[in-house]
Amino acid sequence: MNKKNLLTSTALATALLVGKVPTIDSNANAQIKNFTGPYISLGASTQYDRVLSNNSASNIPTAATGATSVAAATNFVGFNSAATTIIGRATSAQRKENFGLGAKGELGYLFDFGGNFGLGIDLSFSPDRQNRSVSQNYTQSTISVEASSSYTVANVTGSQSIRIKDQYNIALSLKPSVAITNDLMVYAVGSVNQLKQKINVNFSLDTATNYSLSKEVFGYGLGIGARYNLDKNLFFDFSATNLTYDRYRVSRNDSNVTPAIGAGAGEFTTINRTVNDLSTAIKPEYYDIKLSIGYKF
């Protein structure tokens, strides 16, 4: 009798479990299926970026009257902005932090991986942003001849500014996703990014030496986000991502300038005629917070 009851109970329990398994899986799949499929979104992002710049250091001559040709040859070495003028810098590195607003559009597809899990793949585009600048003082040194072997070195302080503008950013992202409820999904972000920037470097006392460059650099992004369904098709999307890009340099050289500090015999041969670079290293870093509204097809 006990054996019969045990067999009967086991059979009923097995039947119930077998009957419930499809129901559990079906409910779980229904959650991620509320998010899967193609989608498009458009939103605004608040970007907090750090501009890290590092100038190539050059010598700053000591101001003096009656300097000898030996002293001039030793100290008057740097980036020649004119035949008797060089640019030196008192500060070799600087950092500037900025907040800015921008637009961002995304086109993607979320795949159903079964259960509550999915994987999103999307392509996003951010158009240009406003300029931001960092600046620092630099020293302009000018040398003049007093006699055949006596010189005057004069130093004046000017301002160097580095203006940076993002022209666009393109990102390809993978988003492992988990449905929490039928309307709420959270995800992680891993992205590969291409950023195009334009850099303008200006000198207040040496405007002929100003230079600019457009540069495309690659980087990666890591972040988290959440998506909430407003109805069957519309949704809100929120994410926070850290973006890091390759360091690069903008530079020019003084090959078109011939140093000259005197007209006496042998004076031209005492000056360093090496071609020097005037360069600035840029390292873009961002924290990007985005809020957008989207449509799932």
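The values are calculated or read from the model by the stated rules, or taken from the named source; none is laboratory data. Bear in mind the structure is a predicted one, so any value in this text is a computation, not a measurement. Quick reminder, even Gly has a Cβ in these numbers, built from the backbone with ideal geometry, and neighbours come from all protein chains shown.
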| Taking into account only those residues within region 124-140 that are at pLDDT 85 or above and among the hydroxyl-bearing types (S, T, Y), which is farthest from K296 (Cα to Cα)? | T139
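Quick test for you: out of T258, T280, pick the one residue that is in a loop (DSSP other than H, G, I, E, B), within 30 Å of A71 (Cα to Cα), modelled with pLDDT under 90 and in contact with a Lys or Arg (Cβ under 9 Å, 6 or more places away or on another chain). Show your work before the answer.
Numbers: T280 fails: in a loop (DSSP other than H, G, I, E, B).
Answer to the check: T258.
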| When you scan region 224-256, how many residues do you find that are over 19 Å from L119 (Cβ atoms) and among the small types (G, A, S)? | 3
| note | The one condition S81 fails out of (1) part of a strand (DSSP E or B); (2) modelled with pLDDT under 80; (3) touching a helix residue (DSSP H, G or I) at 6+ places or on another chain (Cβ under 6 Å) is (2)
| request: From the list T152, T157, pick out the single residue that is surrounded by fewer than 16 Cβ atoms within 10 Å (Cβ to Cβ), within 31 Å of the chain's Cα centre (by Cα), over 30 Å from T36 (Cβ atoms) and of a type outside the set (A, V, I, L, M). | output: T157
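G223: of a type outside the set (V, I, T), within 21 Å of the chain's Cα centre (by Cα), closer than 25 Å to G37 by Cβ and exposed (fewer than 15 other Cβ atoms within 10 Å of the Cβ), yes or no? It would help to see each step written out before you state the result.
On the way: of a type outside the set (V, I, T): yes; within 21 Å of the chain's Cα centre (by Cα): yes; closer than 25 Å to G37 by Cβ: yes; exposed (fewer than 15 other Cβ atoms within 10 Å of the Cβ): no.
So G223 fails the test.
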| Looking at I121, I162, I143, which is the one that is modelled with pLDDT under 90 and either within 30 Å of K196 (Cα to Cα) or in contact with a Lys or Arg (Cβ under 9 Å, 6 or more places away or on another chain) (or both)? | I162
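Quick one: would you say Y168 is part of a strand (DSSP E or B) and surrounded by 21 or more Cβ atoms within 10 Å (Cβ to Cβ)?
Details: part of a strand (DSSP E or B): yes; surrounded by 21 or more Cβ atoms within 10 Å (Cβ to Cβ): no.
Considered against the rule, which asks whether it is part of a strand (DSSP E or B) and surrounded by 21 or more Cβ atoms within 10 Å (Cβ to Cβ), Y168 comes out as no.
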